[in-house]
Amino acid sequence: MNRKLILLFIALWVITSFSKADDGSRLWLKYDNNGKTTEVKLPRKSPTLTIATNELEKGWQGAPVELKLQKNKNLKPDGYTITLKNGKYILSSPTEVGLLYATYHLIRSQQTGESMTEVTENPAYSMRMLNHWDNLDGSVERGYSGKSLWQWEELPEVVSPRYEEYARANASIGINGVVLNNVNASPEILSTEYLKKVQRLADLFRPYGIQTFLSVNFASPMAIGGLETADPQDIEVQKWWKDKAKEIYTLIPDFGGFLVKANSEGQPGPCDYNRTHAEGANMLADAVKPYKGTVMWRAFVYDPSDADRAKQAYLEFQPLDGEFRDNVIIQIKNGPVDFQPREPYSPLFGALPQTDEMVEFQVTQEYLGHANHLAYLAPMWTEFFEFVPPTSLDAIAGVANIGTDTNWTGHPFGQANWYAYGRLAWNPKLGSDIIADEWLKQTFTTNEAFVTPVKKMMLDSREAVVNYMMPLGLHHLFAWGHHYGPEPWCDIEGARPDWMPSYYHRATTKGIGFDRSHTGSNATAQYPDSLRALYDNVATCPDELLLWFHHVPWTHTMQSGRTVWDELCYRYSEGVNQARELQKTWDEMQPYVDEDTFLEVQSKLKQQTRDAMWWRDGCLLYFQEFSGLPIPSDLERPIYDLEDMKKFSIDIDNHTNAPHGYK
Ligand code: BDP
């Protein structure tokens, strides 16, 4: 072999081994080792500014940079400006963390090829929260990417390097508050032993501008305090919480506060003592008030005895407006039921004019294919903001999709949802396409031959999931237990009716859908007038929400001109076609991504398409038993039998709830 050829082989070997090397662990922050030193001028030395300097030294290749701490009446505390003056970038902010955000902005613009002109940025919310549903035993409720990041048994002595990597990733997208533990909270988290572990994490997160919060169990005074009651009116109970707050703030002076799930799905709460949610929340709010702490009180409540689960949060919370302390924020899921692929927005938003409200999105894909399906969720969240103006909210939360998996999120594209959530928490007006563009360019390549088609995949993916799982406003057709596959037929004796799919789809030989109009549960009356009228009238209700708000005959004509039955068939088929399109596009992307990622995504897309067919066949064959109508002749026929579908089940891993394959 001649020398040139040998060199060529070596070069190819280096390139291929490099292209194989991407295990996804570096997320969208792939800018180390450029080998160029940057001149960075600092106003002073501090842990936060050291992080900013390190980032610039690692990644910035442009003009010299100066960081300036400066008051500016146009800037909120975390806001910043970037200007290019005399060949130098001036990053200015009233706070150090604002300068860190400016640093990440500067580097991002370099990675994405965005031209840097004058920039002024202010976050929409001062609290941009990431909620972990992590249990102290290392499992993650509805987590599909390994175990909990928090190695409780090793803390506080041993500190995993991933804690700082995690904090860095959050800071790079502006997330500034984390709730470490599950809303179904173990009282143990408030024990002195655990608080010392929490303190260690809080110390690590602080320089990244991240405040630490905890989910608390309302009955903690009984469980770990030895009291006989958790009644919020009891003096001893109040004292217990005040003492506990004092202990926490001694360890963590900037502790953020508490997140509370009370009187929901079996969790204890003030209603156990005939007290209201306001009385419960206020007691905790008073305990953290001296330290400027916040209580985020969840409105995710429902009771099997009530006529319509979708109405409950409004019914319980709206009458309490004005009764909450000013350091209480009511945390409301985006939709009135539960993180379904498509829901109308929760009418509780806007119904509490005298109370602070925040939205809770679910970044983890509990109801959108776990870590197996590519479902880019920014379009779902921006859809919410079309109805609930971002300015009407006081804070924002997302339920994390992060775990111990090397690539953090299981599905490589799950990272995009973490990224998108952070970016929208900073600026809810950003378009889904812009965020996808940014993420793709930083994570993979700026090559448009890759970015354009893959961005389309991402933007189409959520609607694909809606179509193959639950089109036309159908919801909660999920299998008992794992919320992954379809079980519209599920009927478990003695189980809560509002945990059964039939409670939601109400299919009979006469028709399908939940009548929430004035002739039914009248949930439509909870919406502001214009929307109430639109949703209440079967003729004007948008097709995509028809079966959420109406029970209609199978032959009812939709706005599309098709009958409900035909439209259902078309939408399910469309969902499968869309999943196939995702596969096709991805197959052409091989030249642009490292081999491991390419193969992993390819295999997950195969599973997604298989699941889409499972959903289509399961749901259509089941509903056909009621409609008695044929599948339109131009559509693909089911390939399974209903009886087989009913036997189909999946193994769920004990710790991660992740499906491992079909039985
Ligand atoms: C549901 C989840 C359940 C959570 C609950 C919640 O299935 O695991 O505990 O939400 O938000 O979607 O509290």
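Assorted remarks:
- Qualifying residue in region 427-444 (condition: within 16 Å of the ligand (Cβ to nearest atom), under 27 Å from Gln607 (Cβ atoms) and buried (at least 24 other Cβ atoms within 10 Å of the Cβ)): no
- As a summary of the residue check, Ser93 satisfies the conditions (1) within 24 Å of Ala167 (Cβ to Cβ); (2) open to solvent by 20 Å² or more (accessible area, probe 1.4 Å) except for the one numbered (2).
- In this structure, Phe218 does not satisfy being within 16 Å of the ligand (Cβ to nearest atom), of a type in the set (Phe, Trp, Tyr) and in contact with a strand residue (DSSP E or B) (Cβ under 6 Å, 6 or more places away or on another chain).
- Within region 357-366, tally of residues that are in a loop (DSSP other than H, G, I, E, B), surrounded by 24 or more Cβ atoms within 10 Å (Cβ to Cβ) and within 11 Å of the ligand (Cβ to nearest atom): 1
- Against the test of being within 17 Å of Lys292 (Cβ to Cβ) and outside any loop (DSSP other than H, G, I, E, B), the options Glu236, Glu247 yield a single qualifying residue, Glu247.
- Among the residues making up region 175-196, a single one is away from the ligand (no atom under 16 Å from the Cβ) and either in contact with a Cys (Cβ under 6 Å, 6 or more places away or on another chain) or closer than 18 Å to Asn263 by Cβ (or both): Pro187.
- Taking the criterion of being touching a residue at least 60 places away in the same chain (Cβ under 8 Å), open to solvent by 10 Å² or more (accessible area, probe 1.4 Å) and under 12 Å from Asp326 (Cα atoms), the only residue of region 260-303 that qualifies is Thr294.
- Meets criteria (more than 29 Å from the chain's Cα centre (by Cα) and either among the aliphatic types (A, V, I, L, M) or open to solvent by less than 10 Å² (accessible area, probe 1.4 Å) (or both)) for Leu227: yes
- Test: residue in region 456-464 that is part of a helix (DSSP H, G or I) and of a type in the set (Gly, Ala, Ser): yes
- Asn401, sole failed condition from (1) of a type in the set (S, T, N, Q); (2) under 30 Å from Ala287 (Cβ atoms); (3) touching a Ser or Thr at 6+ places or on another chain (Cβ under 9 Å); (4) within 16 Å of the ligand (Cβ to nearest atom): (2)
- For Trp241, the conditions (1) open to solvent by less than 50 Å² (accessible area, probe 1.4 Å); (2) away from the ligand (no atom under 16 Å from the Cβ); (3) touching a residue at least 60 places away in the same chain (Cβ under 8 Å) are fulfilled apart from (3).
- Residue that is nearest to the chain's Cα centre (by Cα), among those in region 314-356 that are among the basic types (Lys, Arg) and more than 14 Å from the ligand (Cβ to nearest atom): Arg342
- Region 539-555, residues that are within 15 Å of Gly628 (Cβ to Cβ) and part of a loop (DSSP other than H, G, I, E, B): Trp554, Thr555
- Any chance Ala307 is away from the ligand (no atom under 16 Å from the Cβ) and part of a helix (DSSP H, G or I): no
- Every test in (1) farther than 26 Å from Val454 by Cα; (2) modelled with pLDDT under 95 is passed by Arg562 save one, and that test is (2).
- Any strands (runs of 3 or more DSSP E) falling wholly within region 80-180 and containing at least 1 residues that are modelled with pLDDT of 95 or more and within 18 Å of the chain's Cα centre (by Cα): 128-131, 177-179
- Selection from region 571-597 of residues that are aromatic (Phe, Trp, Tyr) and either surrounded by fewer than 19 Cβ atoms within 10 Å (Cβ to Cβ) or modelled with pLDDT under 95 (or both): Tyr592
The values are calculated or read from the model by the stated rules, or taken from the named source; none is laboratory data. Note that this is a predicted model, so its numbers are computed, not measured. FYI the Cβ positions are ideal-geometry reconstructions off the backbone, even for glycines, and counts take in every protein chain you see. Protein only, heavy atoms only, side chains kept; ligands, DNA and RNA dropped before computing areas. Shrake-Rupley method; radii C 1.70, N 1.55, O 1.52, S 1.80 Å.
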